[in-house]
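*Asks:* Supplied in structure tokens, the structure appears directly below.
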Ligand code: NDP
């Protein structure tokens, strides 16, 4: 029996339940991990609320974690008991121990702690694909990035700076504005007190941005489109304020491009997962990116963690510990 946070029905944070569950031995192709830290991500709230549909209930929430391999199923050659490992795209994370497909985990370098890994695998690999694959960010790139003081946001601030790009960030309080700036964001707009479209136009001398990374969704649509230059790219990668309403293609005036990417699609093969994780580990090892674990919650307090995340009380990354 292991302790885990499960939901039996979708709903508010109160549906998160601490339970003891039976864990079978790992199946063929799987390993069992004793988790030392688990990541908290906004997608967990979408899955809990029902905005994103889970395949079956009850379900252990959580997509991310890091720990030690304690048992190995049949036909797993690449991992052995005692290996340090991490992952960021597999449901079932909020638990002391879990089974997971071996092709969805990566070896964790000794220099990276379990806590850092649990805080960054999902958010850091997201920034990696957003900046290196969805759009190839270069020193001349001017981008708008919403929620710049969040988990994904603070990693984005540092990665954009490392690439030499101009990042215009938005954040929801003066303290968050300062935090984003301190992490390398070139210009930061307090979008609760300033009109971000007007400020982007001022900062770019009316030209607009090459790319807008929008994870806010409903509240920043369609204003984010007005921040783009002709033929610019709108990357709608999240819905923290609610889903984007149906888009009329006519709204992409100025020959804009639009995409709705997901980490799962960009790390869908073991090769892509390893390449994405390797680049993230390299940035951290080189000191270009430092992961801020600004909130740590006991596993049993996952409900409070969800309330804080949805209540815009967190900054940087958050983890759960058993
Ligand atoms: P964050 O730490 O960024 O938390 C979300 C932030 O969004 C809040 O802190 C808040 O910052 C801002 N926000 C704006 N409006 C609201 C609102 N109505 N309710 C709550 N928050 C709001 O979370 P994550 O780093 O975990 O994720 C950031 C976003 O990236 C999420 O939308 C997530 O779904 C998305 N994502 C998408 C992935 C993909 O592959 N498509 C992968 C990973 C994350 P402020 O107060 O500054 O406005």
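*Asks:* Pairs of alpha-carbon atoms within less than 8 angstrom and 6+ residues apart define the contacts here; what relative contact order does the stretch 275-319 have, in percent? Don't jump to the answer; show the numbers that get you there.
*Replies:* Working: 27 pairs, mean separation 19.9, N = 45.
Reported relative contact order: 44 percent.
*Asks:* Follow-up question, since we're still on this one. If you build a Gaussian network model of the chain, linking Cα atoms that sit under 10 Å apart, which residue out of 310, 78, 14 swings the most?
*Replies:* 78
*Asks:* Between the stretch 281-322 and the stretch 66-87, what's the alpha-carbon centroid distance in Å?
*Replies:* Taking the Cα centre of the stretch 66-87 as reference, the centre of the stretch 281-322 is 24 Å away.
*Asks:* With viscosity set to 1.306 mPa s and temperature to 10 °C, compute the Stokes-Einstein D of the stretch 26-86, Rh being the Kirkwood radius across alpha carbon pairs; µm²/s, no decimals. Walk me through the numbers before you get to the answer.
*Replies:* On the way: Rh = 13.1 Å.
Result for D is 121 µm²/s.
*Asks:* Would you give the gap between the C-alpha center of the stretch 149-184 and the C-alpha center of the stretch 31-50, rounded to a whole Å?
*Replies:* About 24 Å separates the Cα centre of the stretch 149-184 from the one of the stretch 31-50.
*Asks:* Note down the nm distance, to one decimal, between modelled labels 7 Å out along Cα→Cβ at residue 77 and at residue 103.
*Replies:* About 1.3 nm, to one decimal.
*Asks:* Let me ask something else. If neighbour count is taken as other Cβ atoms inside 10 Å, put 69, 197, 211 in order from fewest to most.
*Replies:* 197, 69, 211
*Asks:* Using Cα pairs closer than 8 Å and at least 6 residues apart in sequence, work out the relative contact order for the stretch 172-322, in percent. It would help to have the intermediate numbers written out before the result.
*Replies:* Values: 172 pairs, mean separation 21.1, N = 151.
Result for the stretch 172-322 is 14 percent.
*Asks:* Label the stretch 179-241 by shape, choosing from rounded, prolate and oblate, from the square roots a ≥ b ≥ c of the eigenvalues of the Cα gyration tensor; if a/c is under 1.5 it is rounded, and otherwise prolate applies when a/b is larger than b/c, oblate when it is not.
*Replies:* Values: a/c = 1.40, a/b = 1.02, b/c = 1.37.
Taking the square roots of the gyration eigenvalues as a ≥ b ≥ c, the stretch 179-241 is rounded.
*Asks:* If one takes the longest principal axis of the Cα atoms in the chain, at what angle in degrees, from 0 to 90 and to the nearest 10, does the Cα axis of helix 114-129 lie?
*Replies:* 40
*Asks:* Counting other beta carbons within 10 Å of each residue's own, what order do 20, 312 fall into, fewest first?
*Replies:* Numbers: 20 9, 312 17.
Least crowded to most crowded, the residues run 20, 312.
*Asks:* Mind jotting down the distance between the C-alpha centroids of the stretch 105-126 and the stretch 244-270, whole Å?
*Replies:* 27
*Asks:* Right, next: Report the label-to-label distance for residue 54 and residue 265 in nanometres (one decimal), using points 7 Å from each Cα along the Cα→Cβ vector.
*Replies:* 2.5
*Asks:* Moving to a separate point now. Using alpha carbons only, how many degrees (0 to 90, rounded to 10) separate the axis of helix 151-163 from the longest principal axis of the chain?
*Replies:* For 151-163 against the chain, the angle is about 60 degrees.
*Asks:* Between 294, 99, 193, find the one with the highest GNM mean-square fluctuation for the chain; connect C-alpha pairs within less than 10 Å.
*Replies:* Maximum among the listed residues: 193.
*Asks:* Take the stretch 139-260, drop everything but the C-alpha atoms, weight them equally and run the Debye formula without solvent; then report log10 I(q)/I(0) at 0.14, 0.15, 0.18 Å⁻¹ to two decimals.
*Replies:* -0.52, -0.60, -0.88
*Asks:* If you take the alpha carbon radius of gyration of the stretch 140-205 and divide it by 2.2 N^0.38 Å, what ratio comes out, to two decimals? Don't skip to the answer; put the middle values down first.
*Replies:* On the way: Rg = 10.6 Å, N = 66, 2.2 N^0.38 = 10.8 Å.
Computed over Cα atoms of the stretch 140-205, the ratio equals 0.98.
*Asks:* Let me have the relative contact order for the chain, percent, based on Cα pairs under 8 Å that are six or more residues apart. Mind dumping the intermediate values first?
*Replies:* Values: 720 pairs, mean separation 56.9, N = 322.
It rounds to 18 percent for the chain.
*Asks:* Using a 10 angstrom cutoff on alpha carbons, build the Gaussian network for the chain and name the most mobile of 268, 67, 208.
*Replies:* 268
*Asks:* So what's the projected area for the chain, the Cα convex hull averaged over all directions, in nm²? Could the numbers behind the result be given before it?
*Replies:* Working: hull surface 61.9 nm².
Value for the chain: 15.5 nm².
*Asks:* Give me the angle, in degrees from 0 to 90, between the Cα long axis of helix 270-285 and the longest principal axis of the Cα atoms of the chain, rounded to the nearest 10.
*Replies:* Helix 270-285 sits at roughly 70 degrees to that axis.
*Asks:* Quick check: residue separation of residue 223 and residue 307 times 0.36 nm, minus the Cα distance between them. What number comes out in nm?
*Replies:* Numbers: separation 84, 0.36 × 84 = 30.24 nm, distance 2.73 nm.
The span from residue 223 to residue 307 would gain 27.5 nm if fully extended.
*Asks:* Same structure, new question: Efficiency by 1/(1 + (r/R0)^6): what FRET value for residue 278 and residue 198, r their Cβ-Cβ distance, R0 = 41 Å, to the nearest 0.05? Display every interim value, and only then the final one.
*Replies:* Working: r = 41 Å, r/R0 = 0.99.
For residue 278 and residue 198, the calculated efficiency is 0.50.
Laboratory data are not the source of any read-out in this text; all were calculated from the coordinates shown. This one's a predicted model, so the numbers in the text were calculated from it and none came from an experiment. Cβ: placed from backbone, ideal geometry, glycine included. Neighbour counts: every protein chain shown.
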